[in-house]
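Where a number appears in this text, it was derived from the coordinates with a stated rule and is not lab data. No experiment lies behind these values; they were computed from the predicted model shown. All Cβ positions, even for glycine, are placed from backbone atoms using ideal geometry, and neighbour counts span all protein chains on display.
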Amino acid sequence: MPKLLHLIVACAENRVMGRGGRLPWRIPEDTTFFHDQTAGQIVVLGRVCYETWPRVALDGRRPIVITRNRSLANDRVRVAASLADALTIAETLPGDIYICGGARIYAETLALDRPMRLHLTLVHADVEGDTFFPEWRHLTWREITRRTGADANFRYTFFELARE
């Protein structure tokens, strides 16, 4: 039986999750949540996400980068040509599988017919950006947990949603 997939993302109400290759906000509580959730786990991500996350191989994470650039592979980072290849590799490793972006990888994962969890930090604002999380609200989700938070700039809600 394949492992459960965990998608982890922060996006605004208008689905924006990035601007210019970076997050369009700085929410320390969300950053801490993201790093805590993914520590010690398998993280599947695209090349751009990999290049903008300097801590990806720290805290026991096992990164699998989806790219055709084989030169990114080293003793701490695996490379896969596709999401399917990345998941095949991930199934052989210990730990949970966290899908960490980008947009195309999230879209491909959401299209899979397999159980998954969506760890969503929904930022309650419309934010300017150029990278969007795929529409998820039309899919059948069961809410597992919900916790609200706020800082000086944003209100947000941490959701864990399940799709069986």
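Quick look at the values:
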read-out	value
Electrostatic dipole magnitude of the chain [Cβ: Lys, Arg +1; Asp, Glu -1; Cα centre; debye, to 20]	300 debye
Mean Cα-pair separation over length for segment 1-151, i.e. relative contact order, pairs under 8 Å, 6 or more apart, %	40 percent
At most 11 other Cβ within 10 Å, DSSP loop - trypsin sites (Lys or Arg not before Pro), segment 111-164	Arg137
Long-range amide H partners of Val44 with built H, under 5 Å	Ile64, Tyr98, Ile99, Cys100
Summed side-chain charge close to Leu5 - residues other than Leu5 whose Cβ falls under 10 Å, Lys, Arg +1, Asp, Glu -1	+3
Gaussian network model of the chain, springs between alpha carbon atoms under 10 Å - residue of Phe34, Phe154, Phe132 with greatest fluctuation	Phe154
Label-reachable residues, segment 84-98, where backbone N falls under 20 Å from a point 7 Å from Arg68's Cα toward its Cβ	84-87
Calculated SAXS-style log₁₀ I(q)/I(0) at q = 0.22 Å⁻¹ - segment 1-121, Debye, Cα scatterers	-1.45
Acute angle (nearest 10 degrees) that the helix 28-38 long axis makes with the longest principal axis of the chain, alpha-carbon atoms	30 degrees
